[in-house]
1. Looking only at region 126-145, count how many residues are buried (at least 18 other Cβ atoms within 10 Å of the Cβ) and within 9 Å of the ligand (Cβ to nearest atom).
2. When you scan region 81-121, how many residues do you find that are of a type outside the set (A, V, I, L, M, F, W, C), open to solvent by 70 Å² or more (accessible area, probe 1.4 Å) and either part of a helix (DSSP H, G or I) or within 16 Å of the ligand (Cβ to nearest atom) (or both)?
3. Taking the condition of being within 10 Å of the ligand (Cβ to nearest atom) and in contact with a strand residue (DSSP E or B) (Cβ under 8 Å, 6 or more places away or on another chain), how many residues in region 148-165 meet it?
4. Go through the residues of region 95-116 one by one and say whether even a single one is modelled with pLDDT of 95 or more and on the phi > 0 side of the Ramachandran plot.
5. When you check V40 against the structure, is it free of Cβ contacts under 8 Å to residues at least 40 places away in the same chain, surrounded by 20 or more Cβ atoms within 10 Å (Cβ to Cβ) and within 16 Å of the ligand (Cβ to nearest atom), yes or no?
6. Residues that are in contact with a Lys or Arg (Cβ under 9 Å, 6 or more places away or on another chain) and in contact (Cβ under 8 Å) with a residue 60 or more places away in the chain: does region 127-139 have at least one?
Amino acid sequence: MEKDIDRVLLSSEQINERVAELAREISAWYGENEVVIIPVLEGGAMFSKALSQLVNMPHAICPIKLSSYQGARSTKTVKLLEELSISLAGRDVLIVEDIVDTGYTLNFLQSYLRSRGVASLRTCVLLDKVSAREVHVDINYTGFIIPDEFVVGFGLDYRQRYRELPFVGILKREIYDSRST
Ligand code: IMP
């Protein structure tokens, strides 16, 4: 497994420390307000679990399933794979996403959620590949800005593998260059 990793970009300690800082910032912002946390599945599941255990404000967790990536490339066509099960009208909503790359996924999700009449919408991402951005997205909380490399671990996958790694690492190029998608 770890033989497929070129190098570790963020250790488990660095991630945990940063998640705790983000949780403090987020808790301070919302105070006692009840928030709906929307983890973006599957990648955002591990990050949002870690975050939701550390924030102090009351919150509901309502995951959403989107698809935009095939293998190691963004398709730019984002699809909602399942409708949300609760009404968001008048609610304070926090999107929790693993990574923002081109921005298409978050851009789509933010427009979708705004159209559901939320009272407020904020976004927290663990990783931001700023230099790969193609469309604008509003981000309120960022864990780490990272280079434009394909990374796995801490929830991030390549073909559903490597999600369980406790660190974020750059996947060896030969792993995905040898595949067509
Ligand atoms: P965007 O639409 O290009 O911003 O891509 C966002 C989505 O692509 C994320 O939710 C991830 O699922 C996936 N993604 C982008 N970059 C990576 C990466 O380096 N590793 C794994 N998944 C990625």
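The values are calculated or read from the model by the stated rules, or taken from the named source; none is laboratory data. The model shown is predicted, which means the values in this text are computed figures rather than measured ones. Cβ sites come from the backbone with ideal geometry, for glycine too, and all protein chains shown count toward neighbours. The accessibility values were calculated without ligands, DNA or RNA, using every heavy atom of the protein model including side chains. Shrake-Rupley method; radii C 1.70, N 1.55, O 1.52, S 1.80 Å.
1. 3
2. Total satisfying the criteria: 2.
3. Result for region 148-165: 10.
4. No, region 95-116 contains no residue that is modelled with pLDDT of 95 or more and on the phi > 0 side of the Ramachandran plot.
5. no
6. No, because not a single residue in region 127-139 is in contact with a Lys or Arg (Cβ under 9 Å, 6 or more places away or on another chain) and in contact (Cβ under 8 Å) with a residue 60 or more places away in the chain.
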